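What follows is one structure encoded as structure tokens, with my remarks underneath.
The values are calculated or read from the model by the stated rules, or taken from the named source; none is laboratory data. All values derive from a computational prediction rather than experimental measurement. Please note: Cβ atoms are built from the backbone with ideal geometry, for glycine as well, and neighbour counts cover all protein chains shown. Accessible surface is based on the protein model in full, side chains and every heavy atom, while ligands, DNA and RNA are left aside. Shrake-Rupley method; radii C 1.70, N 1.55, O 1.52, S 1.80 Å.
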Amino acid sequence: MPKNMVQFQKGMSEDAFEMLFGTEEKCWARLVEWRWPRGFACPACGGGKYSLIVVGRRRLFQCSHCRAQTSVTAGTIFASTKLPLKTWFRAIYHLTQSKGGISSVELSRRLGVTQTTAWKISHKLMQVMLEREGRQPLAGRVEMDDAYLGGKRRGGKRGRGAPGKVPFIAAVETTEGGQPHRIKLCRVKGFRRDEVERASKAILSCGALAVTDRLPCFSGVEAAGCRHAPVRDSGRKAVQDSIFKWVNTMLGNIKSALLGTYRAVRAKHASRYLASFGYRFNRRYGLAAMLPRLAWISLRTPPMPYRLLKLAEDC
């Protein structure tokens, strides 16, 4: 069997990371380059001339026109951080170069910070992934299926509606050659028509062809303005059917990766975990480029303070 070149691509090695982002100075310089690729622009007046003020570890840009001061991290996901920039870059490295992600406990060991700090860093970065993924809906032929994170609790109810389960919609866009191209994973409150309609509007382009089973809730796809092709299959036959080959493959990979890495996923944060898997999969052909891409997007994502980060998501 020939090697899967996606799986065997080199990515970014630890030596390459150290060469590119191994010092605080290098990390700061790259952020400045990515935030202002055409040169400094004052966020208050748009002026391009500035003076650099250094106070301890802080580096402030003072506009020569309006005297407003700002930093390279102000107004971004890195805002108000007290951590070295190198710590953030190392966290981005681990989140992007690991296929299944990395738990906050393991990340805390590698970064040399507390588990709580590692949790904040990872969830802020996953929030960036979540917001970015929401901007690029799927098009063409899309395989869709209903799924759950979590399983039966001891002595609890089985099947749909069981406590401890997080329902979500999995959608896989396929190419003309029948290969998976991109995926979207959207948490829902339940498998009802209105919830599927809401999810379809969020993850599908108008006119996309959604291939689903005949679960009644999937009629919401048509209400969202998309084409719908329900297939009458059930049980083991549906799992093995080539029509749903990629969405079933993705669901197996998602559950193995998420539950194998994190062991447990709290329902109120499930959307971030799902988005992080989708973000990495959709950029799997450029593993080495994933780190600078995520850092670039992070500079264009508004701050997410801890009080908002820990709130339950209203899915």
Open item on the list: Looking for something assigned to a helix (DSSP H, G or I), open to solvent by 40 Å² or more (accessible area, probe 1.4 Å) and not charged (D, E, K, R) - is there at least one such residue anywhere in the stretch 291-299?
Closed with: yes
Open item on the list: Anything in the stretch 40-55 that is open to solvent by 80 Å² or more (accessible area, probe 1.4 Å) and touching a residue at least 24 places away in the same chain (Cβ under 8 Å)? List them, or say none.
Closed with: PRO43
Task: Matching residues, the stretch 225-238, being part of a helix (DSSP H, G or I) and either at pLDDT 75 or above or loosely packed, with under 14 Cβ neighbours inside 10 Å (or both) - done: GLY235, ARG236, LYS237
- [ ] Please state which of the following conditions LEU20 fails to meet, knowing it meets all the rest: (1) farther than 24 Å from PRO302 by Cα; (2) not assigned by the TED database to the domain that holds PRO302.
- [x] (2)
Task: Residue match in the stretch 93-103 (condition: of a type in the set (Ser, Thr, Tyr) and over 24 Å from THR261 (Cβ atoms)) - done: no
- [ ] Inspect the stretch 71-93 for any residue being at pLDDT below 95, open to solvent by less than 40 Å² (accessible area, probe 1.4 Å) and either part of a helix (DSSP H, G or I) or not assigned by the TED database to the domain that holds THR212 (or both) and give the result as yes or no.
- [x] no
TODO: Scan ARG214, ARG182 and give me the residue that is at pLDDT below 95 and either on the phi > 0 side of the Ramachandran plot or open to solvent by 40 Å² or more (accessible area, probe 1.4 Å) (or both).
DONE: ARG214
Task: Where ILE102 falls short, out of the listed (1) open to solvent by less than 20 Å² (accessible area, probe 1.4 Å); (2) farther than 20 Å from PRO302 by Cβ; (3) assigned to a helix (DSSP H, G or I) - done: (3)
Open item on the list: Pairs please, first residue from the stretch 215-227 and more than 11 Å from GLU195 (Cβ to Cβ) and in contact (Cβ under 8 Å) with a residue 24 or more places away in the chain, second anywhere and assigned to a loop (DSSP other than H, G, I, E, B) and of a type in the set (Asp, Glu), Cβ atoms under 8 Å, 6+ apart in sequence or on different chains.
Closed with: none
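Here's the yes/no breakdown for (1) part of a helix (DSSP H, G or I); (2) assigned by the TED database to the domain that holds SER242; (3) under 23 Å from the mean Cα position of the chain (by Cα):
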site: ILE169; (1), (2), (3): no, yes, yes
site: LYS189; (1), (2), (3): no, yes, yes
site: LYS201; (1), (2), (3): yes, yes, yes
site: SER219; (1), (2), (3): yes, yes, no
TODO: Tell me, yes or no, whether the stretch 120-134 has at least one residue that is over 24 Å from ARG284 (Cα atoms), modelled with pLDDT of 95 or more and in a helix (DSSP H, G or I).
DONE: yes
- [ ] May I ask you to list pairs of residues, at least six apart or on different chains, whose Cβ atoms are under 9 Å apart, with the first in the stretch 98-126 being of a type in the set (S, T, N, Q) and the second being not in a helix (DSSP H, G or I)?
- [x] SER103/ARG263; SER108/THR114; THR117/LEU83; SER122/GLY101; SER122/ILE102; SER122/SER103
Task: Pick from the stretch 169-179, criterion among the polar types (S, T, N, Q) and open to solvent by 40 Å² or more (accessible area, probe 1.4 Å), ranking: nearest to ARG266 (Cα to Cα) - done: GLN179
- [ ] Please work out if LYS201 is in contact (Cβ under 8 Å) with a residue 40 or more places away in the chain, open to solvent by 50 Å² or more (accessible area, probe 1.4 Å) and not small (Gly, Ala, Ser).
- [x] no
